[in-house]
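Q: Okay, handing you the structure first.
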Amino acid sequence: MSRFLNERLSALEAYVPGEQPGDKKYIKLNTNESPYPPPQSVINAVGEKELAELRLYSDPECRVLRTALAEAYGVRRENVFLSNGSDEILNFAFMAYGGRGAVFPDITYGFYSVFAQLYGIQAETVPLKSDFTLDAGAFCGRNSLVVIANPNAPTGLTLSLVEIEKIVSSNPDGIVLIDEAYIDFGAESAYRLIGKYDNLLVVQTFSKSRSLAGARLGFAFADGRIINDLEKIKYSTNPYNINRLTQLAGVAALKEAEYFNKNCKKIAETRGYVKKELEKMNFSVTDSKANFLFAKCPVIGGRELYLRLKERGILIRHFEKERISDYSRITVGSRDEMEEFLRAVREIIGGRV
Ligand SMILES: *Cc1c(COP(=O)(O)O)cnc(C)c1O
């Protein structure tokens, strides 16, 4: 840290992304990327011709992509916001709506508390129950910024639409942000409620179910006035937040719903299979509806399991955090990758169960 850094930032603990090591080839089950490549049409969309156009700025209004997204979801263009990854929307939302504090679960996406710190927002964390389910009632009547990931990360557990609506309707004077990064793997989106509530902000991403983590493309649905707030911040920070190649990739990806649905189905099937196999080895595994499993090994700690798998060329995510330090978050990869993962786990705990 230099002596010039703003005092407010000196104590900030930055978000630590899952490792992306370059030392050798790993089976990567640590950052919830898709095991499947983008379809050929997306690859073709960002070809030579567009690369030659890179001397020009991208369209700050993202007109083509925004229209395509509005059509794909059956909403109006003025209810759509596009961003450089959905993390950018979370950033903007904390910046815009954290004035009266923020509330989120104690165990959830680690970025929420970083944004709260970054903007000096009073953050209250509500403990999940002992089975990691979320007590919807504890998020009602808050009237501050309520942030809930559905499915939650890293537990994979979901809230029903009825519970979400209860939270939204009971917080008329606070924004309720539903982070739906994993929605396509088996939960129900709240985006259809945006016409009914002016305080609901639904955030999704192309990173997980659409195999475009590296393109950095997120989006949100909300009342037009919320979208205008987010636009205001965007035009005050980075108007060209979505580059030319990503805009084209996004448009092409929206035409491939069938391909992505098929991949999500495969991932859900593999998830069920791996869960069963882990349970045969006496792991505790939550009922995840995301593209990862959240599991506790019966014989060795979370850190040890992570290290022993890494030695074998397999990366999973370990959290050095109270309540969950013995749980592992394991991205659901391809069937072959998961067979290798299971083989390694059997080897590691062999003889100990
Ligand atoms: C991955 C993830 C995001 C961010 O994804 P982007 O790549 O920035 O779109 C947001 N929320 C949760 C809960 C996530 O797991």
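We did not get these values from a lab; they are worked out from the coordinates using the rules stated. The structure presented is a predicted model; accordingly, all values stated were derived computationally and were not measured. A quick note on method: Cβ atoms are made from the backbone with ideal geometry, for glycine too, and the neighbour counts reach across all protein chains shown.
Q: Given the DSSP H assignment, sum -39500 (n - 2.57) over each helix run of at least 4 residues in the chain and divide by its residue total; what's the result at 222 nm in deg cm²/dmol, nearest 500? Provide the component values of the computation, followed by the final result.
A: Numbers: 12 runs with 129 residues, N = 353.
It lands at -11000 deg cm²/dmol.
Q: While we're looking at this one, here's another question. Full extension from ARG335 to THR133: what is 0.36 nm times the residue separation minus their Cα-Cα distance, to one decimal in nm? Please report the intermediate quantities before stating the final value.
A: Working: separation 202, 0.36 × 202 = 72.72 nm, distance 2.81 nm.
Additional length available on full extension: 69.9 nm.
Q: From the phi angles alone, apply the Karplus equation (6.51, -1.76, 1.60; θ = phi - 60°) to the stretch 284-299 and give each ³J(HN,Hα) in whole Hz, x where the residue is Gly or Pro.
A: Values, residue by residue: 8, 10, 6, 7, 6, 10, 10, 9, 8, 10, 10, 9, 10, 6, x, 10 Hz.
Q: In whole percent, what relative contact order does the stretch 109-216 give with Cα contacts below 8 Å and a gap of six or more residues?
A: Reported as a whole number, the value is 22 percent.
Q: Of the listed peptides 151-163, 28-40, 314-326, what is their order by residue-averaged count of other C-beta atoms within 10 Å, with the highest listed first?
A: On the way: 151-163: 21.5, 28-40: 19.5, 314-326: 17.3.
In decreasing order of mean packing, 151-163, 28-40, 314-326 become 151-163, 28-40, 314-326.
Q: Please work out the C-alpha center-to-center distance from the stretch 263-339 to the stretch 198-261 and express it in whole Å.
A: Centre-to-centre distance over Cα atoms comes out at 29 Å.
Q: Take the Cβ-Cβ distance between TYR119 and LEU161 as r, set R0 to 30 Å, and report the resulting FRET efficiency rounded to the nearest 0.05. Before the final figure, lay out the partial values.
A: Working: r = 30 Å, r/R0 = 0.99.
With R0 = 30 Å, the Cβ-Cβ based efficiency is 0.50.
Q: Return the whole-Å distance between the Cα centroid of the stretch 74-99 and the Cα centroid of the stretch 6-56.
A: For the stretch 74-99 versus the stretch 6-56, the Cα centre distance is 20 Å.
Q: Then there is this: Mind checking the log10 I(q)/I(0) for the stretch 213-353 at q = 0.09, 0.17, 0.19 Å⁻¹? Debye, one equal scatterer per Cα, no solvent, two decimals.
A: -0.43, -0.96, -1.06
Q: Between LYS265 and GLU322, what is the spin-label point distance in nm, taking each point 7 Å from the Cα along the Cα→C-beta axis?
A: Distance between the two pseudo-spin positions: 4.5 nm.
Q: Still on this structure, please answer the following. Arranged by the count of other C-beta atoms within 10 angstrom, fewest first, what order do MET1, MET338 take? Could the numbers behind the result be given before it?
A: Working: MET1 6, MET338 22.
In order of increasing Cβ crowding within 10 Å: MET1, MET338.
Q: Sticking with this one: Taking every pair of alpha-carbon atoms in the chain, what share in percent sits in each 20 Å bin, from 0 to the bin with the longest distance?
A: Taking every Cα pair in the chain, the percentages come to 29, 58, 13, 0.
Q: Within the stretch 40-255, how many Lys pairs that are eight or more residues apart, or on different chains, come under 29 Å at the alpha-carbon?
A: 15
Q: Taking 0.36 nm per intervening residue step and subtracting the Cα-Cα distance, what contour gain separates LYS276 from ARG343 on full extension?
A: Values: separation 67, 0.36 × 67 = 24.12 nm, distance 1.40 nm.
Full extension of this stretch gives 22.7 nm more.
Q: Of ASP287, ASP229, how do they rank once you tally other Cβ atoms within 10 Å and put the fewest first? Write out the running numbers ahead of the final one.
A: Details: ASP287 16, ASP229 20.
Sorted ascending by nearby Cβ count, the order is ASP287, ASP229.
Q: Right, something else. Rounded to the nearest 0.05, what FRET efficiency do ASN143 and ALA213 have when you use their Cβ-Cβ distance and R0 = 45 Å? Each step should come with its number before you reach the end.
A: On the way: r = 34 Å, r/R0 = 0.77.
E between ASN143 and ALA213, to the nearest 0.05, is 0.85.
Q: Among ASP23, ASP59, which comes first, then next, by fewest other beta-carbon atoms within 10 Å? Intermediate results must be reported in sequence, preceding the final value.
A: On the way: ASP23 5, ASP59 14.
The most exposed by this proxy come first: ASP23, ASP59.
Q: Taking a spot 7 Å from the Cα of THR237 along the direction of its beta carbon, which residues of the stretch 13-34 have an amide N less than 20 Å from it?
A: Taking a point 7 Å out along Cα→Cβ of THR237, the residues of the stretch 13-34 whose backbone N falls under 20 Å are 13-18.
Q: Would you mind calculating the gained length between LYS49 and ASN6 on full extension (0.36 nm times residue separation, minus the Cα-Cα distance), in nm to one decimal? Numbers along the way, then the final one.
A: Numbers: separation 43, 0.36 × 43 = 15.48 nm, distance 4.36 nm.
Computed gain between LYS49 and ASN6 is 11.1 nm.
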